Amino acid sequence: MTRDEAFLQFLLRMGDNTLILGHRVSEWCGHAPVLEEDIALANTALDLIGQTQMWLGLAGEVQGEGKSADDLAFLRDVWDFRNVLLVEVPNGDFGRTLMRQFLFDAWHSIMLGRLLKSSDERVAAIAEKASKEVAYHLERSGDTVVGLGDGTEESHKRMQEALDYLWPYVGEMFASDEVDAEMVAAGIAPDPTGLREEYDALVGKVLGEATLTIPDSRFAHKGGRDGRMHTEHLGHLLTEMQWLQRAYPGATW
Amino acid sequence: MTRATVEQVWEWLDAVPDPEIPVISVVDLGIVRDVAWEGDTLTVAVTPTYSGCPATSVISMDIETALRDHGIDKIKLETRISPAWTTDWLSEKGRAKLEEYGIAPPQPAGGPERCPHCGSTAVEKVSQFGSTPCKAHWRCTDCLEPFDYFKCI
């Protein structure tokens, strides 16, 4: 694998994470329990889609085949996506959506913090922009997880169920492979394994405040970030997200 | 035809309103980072406020239209993401206009100084997210009016 091939994979991983989570979160638009939450979810989705434009825009540049961020988002199929499985799982109830958001935001904020020092100045610039937005995402998802976890009997039960369901998807964010090794060698990105300690401390603190119990098992579902095996859910999501470009190829407005 | 001076261009751009908050200009907002001539081409560097802000493309179009109206044909708009936009770049004039319009200007403390309607300092946060990505939703517990707070980033 050449350095550029690895760099492209890394950028697709970053951009596909924000794209797929952004789309998932946007599914809440008009359906959230209260207006303020609806707006908050839509704003979060908007930030994530904005970040996607930067990551996938750079991916297209590095790939050198003249593809735009839109081309990469709308014209690839399931096996080409490099997002972690966590972001493609269905929203479930509001609690599960916010728990997923928190588990992702915590990783995202730590990752972007390291990317600020990337040897590639384009990566560092995207991280600088995105990390300001993600600080707000994390503050909100963390507060909501505490509010609902340490809330009523019903909300506590649902948040614990959400955590039990999502925890096996956390490990994949810290998996390392030859792409990561190449990025570390180039000084472009950190080894994801090295982020785990900081993540566990942050997540442990918030979930503790939320009176929730982290499952013991470190078993991790994998296959998203290397594209080996996505869940069945991604195909359904893409069917909706890519529908217009597939029905009317090249349509613009 | 003589080329407009850079100062003149800045003045023209200061008359281009922000599409979401029309009381302030794109210059007040601090998103116009650089204006320079490269031969007979005018380059304008614009920094987006939030990466997904839907107003960004409208702003670029408005800037281009305004410059064309002033007779400039060759325009190059450049999107610059680093250094990232910060609310520190809002002009003093812009901050005053925001408050007058009913939007509390950003404060380093992370929350509004006072209610932009009645001036009371008894305010509380409703939501970290408001009507646009750059604003949070607050309310005054004295006059009971809700208001937008321009988030500090």
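Taken over region B:17-54, residues that are assigned to a loop (DSSP other than H, G, I, E, B) and buried (at least 20 other Cβ atoms within 10 Å of the Cβ) amount to 15.
For A:R76, the test of being farther than 20 Å from A:Y165 by Cα, away from chain B (no Cβ under 11 Å), open to solvent by less than 50 Å² (accessible area, probe 1.4 Å) and of a type in the set (D, E, K, R) is passed. If you go through region B:126-147 and keep only what is farther than 16 Å from B:Q107 by Cβ and either more than 10 Å from every other protein chain (Cβ to nearest Cβ) or open to solvent by less than 30 Å² (accessible area, probe 1.4 Å) (or both), you end up with B:S127, B:F129, B:T132, B:P133, B:R139, B:T141, B:D142, B:C143, B:L144, B:E145, B:P146.
More than 14 Å from chain A (Cβ to nearest Cβ), under 30 Å from B:G110 (Cβ atoms) and of a type in the set (V, I, T) - does that describe any residue in region B:35-58?
Scanning region B:35-58, I find at least one residue that is more than 14 Å from chain A (Cβ to nearest Cβ), under 30 Å from B:G110 (Cβ atoms) and of a type in the set (V, I, T), so the answer is yes.
Per the conditions (1) in a helix (DSSP H, G or I); (2) open to solvent by 50 Å² or more (accessible area, probe 1.4 Å); (3) modelled with pLDDT of 90 or more, the sole criterion not satisfied by B:I59 is (2).
Of all the numbered requirements in (1) within 11 Å of another protein chain (Cβ to nearest Cβ); (2) modelled with pLDDT of 95 or more, A:S109 misses one, and that requirement is (1). Looking only at residues in region A:197-231 that are under 20 Å from A:F104 (Cβ atoms), free of Cβ contacts under 8 Å to residues at least 12 places away in the same chain and of a type in the set (D, E), the one that is least open to solvent (accessible area, probe 1.4 Å) is A:D200.
For region B:63-75, check the following and say yes or no: at least one residue is open to solvent by 10 Å² or more (accessible area, probe 1.4 Å) and within 14 Å of chain A (Cβ to nearest Cβ). No, every residue in region B:63-75 fails to be open to solvent by 10 Å² or more (accessible area, probe 1.4 Å) and within 14 Å of chain A (Cβ to nearest Cβ).
When each of A:R13, A:R24, A:R96 is tested for being away from chain B (no Cβ under 14 Å), open to solvent by 50 Å² or more (accessible area, probe 1.4 Å), touching a residue at least 60 places away in the same chain (Cβ under 8 Å) and among the charged types (D, E, K, R), the lone residue that passes is A:R96. Among the numbered conditions (1) within 21 Å of A:A130 (Cα to Cα); (2) away from every other protein chain (no Cβ under 13 Å); (3) touching a residue at least 60 places away in the same chain (Cβ under 8 Å), the only one that B:W85 does not meet is (2).
Here is a yes/no grid of residues against (1) closer than 21 Å to B:G30 by Cα; (2) in a strand (DSSP E or B):
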{"residue": "B:K76", "(1), (2)": "yes, yes"}
{"residue": "B:G94", "(1), (2)": "yes, no"}
{"residue": "B:L98", "(1), (2)": "yes, no"}
{"residue": "B:Q107", "(1), (2)": "yes, no"}
{"residue": "B:P116", "(1), (2)": "no, no"}
{"residue": "B:S120", "(1), (2)": "no, no"}
{"residue": "B:P133", "(1), (2)": "yes, no"}
{"residue": "B:L144", "(1), (2)": "no, no"}
{"residue": "B:C152", "(1), (2)": "yes, no"}
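The values are calculated or read from the model by the stated rules, or taken from the named source; none is laboratory data. Just so we're clear, the structure is a prediction, and the values are computed from it rather than from any experiment. In this analysis, Cβ positions are derived from the backbone assuming ideal geometry, glycine residues included, and neighbour counts consider all displayed protein chains. Each accessible area value is taken on the protein alone, full model and side chains, heavy atoms only, with ligands, DNA and RNA left out. Shrake-Rupley method; radii C 1.70, N 1.55, O 1.52, S 1.80 Å.
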